[in-house]
Amino acid sequence: MTESPGGSDNVPSRDRKRFPGISSRAYEHPADRSALVALRKLSGFDTIFKTLSGLLPERSLRLMFLSDSVRVGDQQFAHLNDMLRDACYILDLEKVPPMYVNQDPNPNAMCIGLDEPIIVLTTGLVELLDEEEMRAVIGHEVGHALSGHAVYRTIMLFLTNVAVKVSWIPLGNVAIMAIVTALREWFRKSELSADRAGLLVGQDLQASMRGLMKLAGGNHLHEMNVDAFLKQAEEYEQGGDLRDSVLKILNLLPRSHPFTTVRAAELKKWAASRDHQRILDGHYPRRDEDKDASVSDSFRDSAAHYADSVRNSKDPLMGLVRDIAGGAGDLGGKLRDTVFGSRDGGANGSGGSGKGPSGGEGPSGA
């Protein structure tokens, strides 16, 4: 952070575009908005939300970090404090949230709190990232704060803990786990939004990519390559058959974050989009227009996003969905072909023999 000629000290330490009055709608992923709307419509969510909002020990949470973490400021982790103020200046967040560094070797960051957001960075993350990579991460967390994500993230953390404690009660955690599952689905989508906010703050796509690679592979950049890393995302997206598609879903369900390669690919795609360029050019939704924003427009954007995802996806399951939507004739046969291989096996021995291509047991004997 440098001092401006007029004496103000809230100017970014290097030349970056600033987005006065920017609304979080400018960078929010369509799936983030639609998942949050779906979450709010979930049976029992309103009741639990209203109850927990009054019961969650927010004061205790703040005292815990105050007493057992290091609060970032001018005298402690001053370089992180400069980045935090930079991020709030660029995204025009009026009140700078408190930020703490917590002793934990696992690289992580979070934005939590009900009345006011708190940002927490672990020592593992601080030690892993360089300055520009950390700038993107802090921008990511400030994006969560601007979007109002902290409330729902705090409730998810609390409910996850509750679900573990009541899991021994028969059916005791069914309702809670339904809401936790819905919260996790939204949580993952909200990460894509916050990644975009991090890019708007850091304004360095390569730094954002490096940070994601380090989260996946540690501090070994000399052994990693961005293009090869993104190639992994492409291979993950289009590889395998329907069994792999199902496994992808099962692997993702318990996670709070999307897979790192997928996040990198999504962010690179958005960075090259017209929407991103329009924001950089100063054309973006303003916060003072939020009250007039159309809910139906948000639904249409979300529906268009999902339709486009299905239409362009190379995942076998999405291909099957396209066939169903298009009225494919022999869906049963297509499903068998996709999972077990072509029925026209001939010399390969895959047609009706129960043997796989190598002559061993096929899927039914695995």
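The values are calculated or read from the model by the stated rules, or taken from the named source; none is laboratory data. Only a predicted model underlies this, so the values are computations on that prediction, with no experimental measurement involved. Cβ sites come from the backbone with ideal geometry, for glycine too, and all protein chains shown count toward neighbours.
The number of residues in the range 59-113 that are among the aliphatic types (A, V, I, L, M), modelled with pLDDT under 95 and surrounded by fewer than 17 Cβ atoms within 10 Å (Cβ to Cβ) comes to 3. The residues on offer are Gly73, Gly139, and the sole one that is small (Gly, Ala, Ser) and assigned to a loop (DSSP other than H, G, I, E, B) is Gly73. Among the listed residues Lys50, Lys17, identify the single one that is at pLDDT below 70 and basic (Lys, Arg). Within the list Lys50, Lys17, the selection yields Lys50.
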